[in-house]
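Okay, structure first, notes after.
The values are calculated or read from the model by the stated rules, or taken from the named source; none is laboratory data. Fair warning: this is a prediction, and the values are worked out from it, not measured in the lab. Cβ placement follows ideal geometry from the backbone for every residue including glycine, while neighbour counts extend to all protein chains displayed. To get the accessible areas, we keep the full protein, side chains included, count just its heavy atoms, and leave off ligands, DNA and RNA. Shrake-Rupley method; radii C 1.70, N 1.55, O 1.52, S 1.80 Å.
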Amino acid sequence: MQDHRDTSITRRGFIATGAGLALGAAGTAHGQGQGQAYPARAIRVIVPFPAGAGADSNARLVSQQLAEKLGQPVVVDNRPGANGLIGTEAVAKAAPDGYTLLFVDRGALGINPSLYKKLPYDPLKDFSYVGIAVWGPYVLVAGSKQSAKTIQELVAAARKQPGHLTYASFGNGSMTQLGTESLCSRLGMQLTHVPYKGGAPALTAAMAGEVDMALVTIGPALGAIREGRVRPLLVGGSHRFPLLPDVPAVSEIGGDENTIPNTYFGFALPAGTPAAIRDRLSGTIRQVLADAAIRAKLADSGFQPAQGTPEEMRSTVERDITAFGRLARELNIQPE
């Protein structure tokens, strides 16, 4: 699994962006059966996670700019639950006319196939991918009632009383459960899993002392960290994160970039959406993400702009299904 840290605009990405914008300017993308230039009405972006989470904040930032460039409202619709299953399924079954977009994370596409025996959507057959918008590393934070001040102190306490310490995740089989369990396996400790219905509730549980720790995306946790309501102990990836320079990376304690894999958030459409519409959206979204002010806002909130192409996103999903399936089997996480 790759850690996309280079967020510069590649020559290929620049050409693809130009092609998408030219296509939009020509007005060649049409609403299905409408005979009108696309978009002719409001676009809905379904986010399969709660309001206030990292996915939600990123979706709203990009959607606002997308609306300005397309000249139509872009409305964010939160559909949380079941590791992104509910909202993702809704888009898979939506009309392929370009007016329903999915803003989804890595887990709903790459992990869920290994967690559910009867997944209500097929990540490789039911979607037309638009592109990865941002990558986001995770941070392990100690809750308000946890006394450990360093990752070493936390590991020592966990080894002393196996299963006594608790951690919050975004839900059973979520990216954060797999990341935490992978960390436990690497460090030889045992924690008790407490699933919540999203990143915001998991972080709130840590702040309230309901759990000893939580693995959350850095962006939404920054405010709580700066206010001292949770204590950052470890960041995923092979390097320290610029906004948390004093917090060690997992590579510094014997892990690697795959011990706590980064997540991403990206856009997708229902399969069968006309390619002209997909390319118009992809090019316009990449234009939004190329804006210096938008890139600065994302960086300041703990995310890395990606400007991914449809082909790159599909390739990432294909690799993830295989890689996360192998990890789930290694951790003995059984499909439901």
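Remark: pairs (first residue in the range 317-336, open to solvent by 20 Å² or more (accessible area, probe 1.4 Å); second residue outside any loop (DSSP other than H, G, I, E, B) and of a type in the set (D, E, K, R); Cβ separation under 6 Å; 6+ apart in sequence or on different chains) = L331/E181. When we screen T150, T180 for residues that are β-branched (V, I, T), open to solvent by 20 Å² or more (accessible area, probe 1.4 Å) and modelled with pLDDT of 95 or more, the only hit is T150.
If the requirement is being over 30 Å from L70 (Cβ atoms) and in a strand (DSSP E or B), which of these qualifies: A224, A214, A205?
Working: A224 fails: in a strand (DSSP E or B); A205 fails: in a strand (DSSP E or B).
Unique residue meeting the criteria: A214.
Beta carbons closer than 7 Å, at least 6 apart along the sequence or on distinct chains, pair a first residue in the range 288-315 that is within 17 Å of P123 (Cα to Cα) with a second that is of a type in the set (F, W, Y) for P310/Y129; M313/Y129; R314/Y129.
Considering the range 258-273 alone, what residues qualify as being under 25 Å from S57 (Cα atoms) and either open to solvent by 10 Å² or more (accessible area, probe 1.4 Å) or part of a loop (DSSP other than H, G, I, E, B) (or both)? Break it down stepwise before answering.
Filtering the range 258-273 for residues under 25 Å from S57 (Cα atoms) gives 260-270.
Hits for the range 258-273 are I260, P261, N262, F265.
A200 falls short of the stated requirement of being out of contact with any Gly (no Cβ under 6 Å at 6 or more places or on another chain), aliphatic (A, V, I, L, M) and either part of a helix (DSSP H, G or I) or open to solvent by 10 Å² or more (accessible area, probe 1.4 Å) (or both). Here K125, K93, K117, K69 are screened, and the one residue that is at pLDDT 95 or above and farther than 19 Å from T273 by Cα is K69. Pairs meeting the criteria (first residue in the range 137-152 and within 11 Å of L165 (Cβ to Cβ) and touching a residue at least 12 places away in the same chain (Cβ under 8 Å), second residue among the β-branched types (V, I, T) and assigned to a loop (DSSP other than H, G, I, E, B), beta carbons under 6 Å, at least 6 apart or on different chains) are G143/V211. Considering the range 224-238, the residues that are at pLDDT below 95 and either of a type in the set (S, T, Y) or under 19 Å from the mean Cα position of the chain (by Cα) (or both) include one that is farthest from P50 (Cα to Cα), namely S238.
This table checks each residue for (1) modelled with pLDDT of 90 or more; (2) assigned to a helix (DSSP H, G or I).
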{"position": "R240", "(1), (2)": "yes, no"}
{"position": "A293", "(1), (2)": "yes, yes"}
{"position": "E311", "(1), (2)": "yes, yes"}
{"position": "A328", "(1), (2)": "no, yes"}
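For the range 243-256, the criterion of being without any contact (Cβ under 8 Å) to a residue 12 or more places away in the chain and either open to solvent by less than 10 Å² (accessible area, probe 1.4 Å) or not in a helix (DSSP H, G or I) (or both) is met by at least one residue.
Just one residue in the set R229, R278 is touching a strand residue (DSSP E or B) at 6+ places or on another chain (Cβ under 7 Å) and in contact (Cβ under 8 Å) with a residue 12 or more places away in the chain; that residue is R278.
Listed here are the residues, each with its yes/no results for (1) acidic (D, E); (2) within 17 Å of the chain's Cα centre (by Cα); (3) under 22 Å from N258 (Cα atoms); (4) open to solvent by 30 Å² or more (accessible area, probe 1.4 Å).
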residue	(1), (2), (3), (4)
G283	no, no, no, no
I294	no, no, no, no
L298	no, yes, no, no
P305	no, yes, yes, no
E312	yes, yes, yes, yes
